[in-house]
Each structure stands twice: as C-alpha cells, then as structure tokens.
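Read through the structure below, which is laid out as structure tokens, and then see the notes.
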Amino acid sequence: MLKGKKIVIGITGSIAAFKIPFLVRLLKKEGAEVQVLMTPAACDFVTPLTLSTLTERPVLTSFFKKEDGSWFSHVNLGLWADLLLIAPLSANTLAKMANGIADNLLLTTILSARCPVYFAPAMDMDMYGHPTTQENIRKLLSFGYRIIKPVEGELASGLSGPGRLEEPEQVFEIMKKALTPDTVFSGKKVLVTAGPTYEPIDPVRFIGNHSSGRMGTEIALALAHKGAAVELITGPSAIELEHPCINLTRINTAEEMYTHSTQLFPDCQLAIMTAAVADFAPLKPAEQKIKKENRPDAIHLQATKDILAALGKMKAKGQLLVGFALETEDEGANALKKLKSKNLDLIVLNSLNDEGAGFGGQSNKVSLLFKSGEKIDYPLKSKTAVAEDILAAIEEKLSI
Ligand code: CTP
C-alpha cells in the first residue's frame, strides 16, 4: 500500500528510540522508502547500523560525510519526503523546533520540509507537562504540524504517567492513513489508453496520427495521485512516465492495443479511452521495405477493430466506460451518437475547431456529454486541469 511513498524519520535522544526499528520494519514491509536521520544524542539509544540495515539506506547523523567532507542537502531531503516524522521527539529538540533553531541535519531538514510533518513527543511526564513544553507543542501545532500524543504508562524514570511513545503499530497506522489518499478512486483499478497507433505499410513506414499521448498520461497521473491502480496502454509517444501506481504497456498497432485492452478490462472498474486509434490499417504490410521503383498505385486498407465499442459490449454491471471523440463537424450530435452506439457512460468531446485544443499541445478544450443527456462545456485549460475536471465529473455524476 505504501509502494513508492517516501518517509523521513527523525530520531532524537529518548529511550523510546528503541521502538523505531519496529516501525521501520512495518513501513518497509508495505513498500515505503524510509530515510532515517538521527541527532547525535539519538545514537546513544539505538545504533545507526541497526537502522541502516533495516532501511537499506545509510543513516544520516551530521551535515558532512566524514570520508570526503561532502555535505548532505537538507533541502533535497525536505523536498524528497512525502511525510516527515520526528519520533521519539525529546523535550530538547521540541524546544529547538519551536524556536527555529537549526544546529543539526534533522532540524534543518524540518525547516526545509514541504510535506506534512508529524511529531511524537516522548519524555518524562513532568517534562511533558511543563508549561514550556506545552507552549512549544502549541506553537508546533500552530505551524500545521501534527502531533502523535504520548500515551500514559510506566516511564523510564520509574514514574507512571503521560510520556510514553505510542506503540510502533499505532504510529504505523497513522502514517498509512496520512499517506493513502481517501478518494472514490482509491484502490480502484482503471484502464487508460493513450497516444496514436502506428499501422505498418512496410518495416519502415506506417500510417499514424499526431496524437502526443499527453491527455491520457495526465489522466493516468491524476488517477494515480487519487489512489487508483492504473493500467496505461500507450501507442508510440515520447512520453516518459514512472509512477509506482501506473503499469505502463507500450504497443504499436491498434490490434495490439485491442488485445491488451480486452484482456485488462474485465478486472477494471473504469476505463478511460483517450487513444487516437487508427481506424484503418494496410491490409497486407510488405515484409521488406518497398523500393522506390516499386511504388504501389494504392495501399489497400482494412478497418481496425473498434476497441471502445468492444469494451462497450463487454461492459458488466459496476463498470464505467469513458470515450473520447474528436470531431470536426456536427460535433455534439456525432459525439452523442458515439456515446450511445458504443454503450458509454460519458464521452469527452474535443473539437479541432477550437484554437489550442486537441492534438499535440499542452492545452485542451472539452465538453462532457453524459448518458443522461447532460452536457458540460469547459473553457480552454491545460491538459493537467482538463484531467482533473474529467475525474471530478466522474466522481460527481457517475457512481464509481
Ligand atoms: N476508438 C477505439 N478503437 C478504434 C477507434 C476509436 O477504441 N479503432 C476510441 C478512441 O479511443 C476514442 C473513441 O473511440 O475514445 C472515439 O474515437 P474517434 O476517432 O473520435 O471516433 P471513431 O469511433 O473512430 O469514429 P470516426 O473516426 O468515424 O469519427
């Protein structure tokens, strides 16, 4: 569940540091990447070796590498993390955090972090209850940091009261909740097609189109950010994409896209078909490159399989199917016809008549047509924003 999530854990000088190796194991088991930072005092309570072994990364304890004098960029660490947890948090580091002191790598990383920051104080009950500590905690909360409150119980001092670090299993659950988006798309499997298809004339020539694959890629990314598991099938395109929640399959021809789409669709709750699939393919592609002097008078074409229509026929209860339509005339009426004949729940109409919309560019101007007959028109927007609009409309108007 946490595959690809990046967590920085800052450990400070408190006896409760012994619980962190257990927490790291739980996070790693779920696929998270964990980077541990330790204050010098923390190294007296648990060894960096234990944590570097469990995290499979060197533990960072100071600004500089002793061997060659090079330094670790706290800014990069702060930007890398999806979540920063300081646990256990001693009264000393807590006070420094509240006052913006930056005298070790952990404190500078906290100041540079743009991600959610969680802190878990652990100390003796009287230190915890002291007005200074409580005031410092209030200050951290006012920065938007979130607290994992210490629990009551027996403390290292022999006293009993609030001050114990929450158990690793509980901290793990809090981390999981914070890192897994809770949207209607979370945990859903979604098929997305993108890009053009290339239909071979001979081994070096093909029939294709100008689709860049960008609209489909933006939709795949938006879905992944909302917690979906995406199967993205793309035709030849320059787009490079790496996301732990997107499984990318590259194909060339309409026939290959058809094979993969029909195989994957039965397991998906939603399919969004943005690909500009070639409607015709050469009937008999030449096995060798056609020489200039052998110029054919004509290339005989055959219709490709209509993937969207095939999925429309396969569609079972509980599945949603979204198509795209690229029209140059009678746009609304033609798109509605496609919606009905292909058994779709929603069709996204993009018109080549609008400047800045359609193939190739960074922007698009779309209208959404629903089975119910409802139509929503959007202004020209970036393809990233269009992807968000489409998902918001699916969430609002269709029951996924
Ligand atoms: N599509 C498909 N398989 C094809 C052709 C199109 O899955 N062989 C899908 C596209 O991915 C898009 C939708 O059908 O979601 C509409 O594509 P479009 O080219 O606008 O329409 P066509 O159905 O091909 O009809 P026409 O070209 O005649 O307008």
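The values are calculated or read from the model by the stated rules, or taken from the named source; none is laboratory data. Remember, predicted model here, so these are calculated numbers, not experimental data. As a convention, Cβ positions derive from the backbone with ideal geometry for all residues, glycine included, and neighbour counts pool all protein chains shown. Side chains included, ligands, DNA and RNA excluded: accessible areas come from the protein's heavy atoms. Shrake-Rupley method; radii C 1.70, N 1.55, O 1.52, S 1.80 Å.
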Can you name every residue in segment 92-116 that is aliphatic (A, V, I, L, M) and either outside the structural domain of VAL46 (by TED's automatic domain parsing) or open to solvent by less than 20 Å² (accessible area, probe 1.4 Å) (or both)? LEU94, MET97, ALA98, LEU105, LEU106, LEU107, ILE110
From the option list GLU395, GLU374, single residue qualifying as of a type in the set (Asp, Glu) and within 23 Å of ALA228 (Cβ to Cβ) is GLU395
In contact (Cβ under 8 Å) with a residue 40 or more places away in the chain and closer than 28 Å to ALA316 by Cα: is that true of ASP182 in this structure? yes
State all residues of segment 351-383 that are without any contact (Cβ under 8 Å) to a residue 60 or more places away in the chain, within 15 Å of GLY216 (Cβ to Cβ) and either open to solvent by 60 Å² or more (accessible area, probe 1.4 Å) or touching a Phe, Trp or Tyr at 6+ places or on another chain (Cβ under 9 Å) (or both); if no residue qualifies, say none. VAL366
So, in segment 303-337, how many residues would count as being within 10 Å of the ligand (Cβ to nearest atom) and under 13 Å from PHE370 (Cβ atoms)? 4
Pairs only if they're at least six apart or on different chains, beta carbon under 7 angstrom, first in segment 270-298 and farther than 30 Å from LEU391 by Cα, second among the small types (Gly, Ala, Ser) and near the ligand (Cβ under 9 Å from one of its atoms); list them, first residue then second. PHE280/ALA303; ALA281/ALA254
So, restricting to helices (runs of 4 or more DSSP H) that lie completely within segment 119-201, which ones have at least 3 residues that are within 34 Å of the chain's Cα centre (by Cα) and hydrophobic (A, V, I, L, M, F, W, C)? 131-142, 168-179
Residue count, segment 193-233 (criterion: of a type in the set (Ser, Thr, Tyr), open to solvent by 10 Å² or more (accessible area, probe 1.4 Å) and out of contact with any Phe, Trp or Tyr (no Cβ under 6 Å at 6 or more places or on another chain)): 2
Neighbours by Cβ (under 6 Å, 6+ apart or cross-chain): first from segment 317-345, modelled with pLDDT under 90 and aliphatic (A, V, I, L, M); second open to solvent by 60 Å² or more (accessible area, probe 1.4 Å) and not in a loop (DSSP other than H, G, I, E, B): none
Return only the number of the condition from (1) open to solvent by 20 Å² or more (accessible area, probe 1.4 Å); (2) aliphatic (A, V, I, L, M); (3) within 12 Å of the ligand (Cβ to nearest atom); (4) at pLDDT 95 or above that ILE290 does not satisfy. (3)
Scanning segment 5-53 residue by residue, the ones that are of a type in the set (Lys, Arg) and over 22 Å from the mean Cα position of the chain (by Cα) total 2
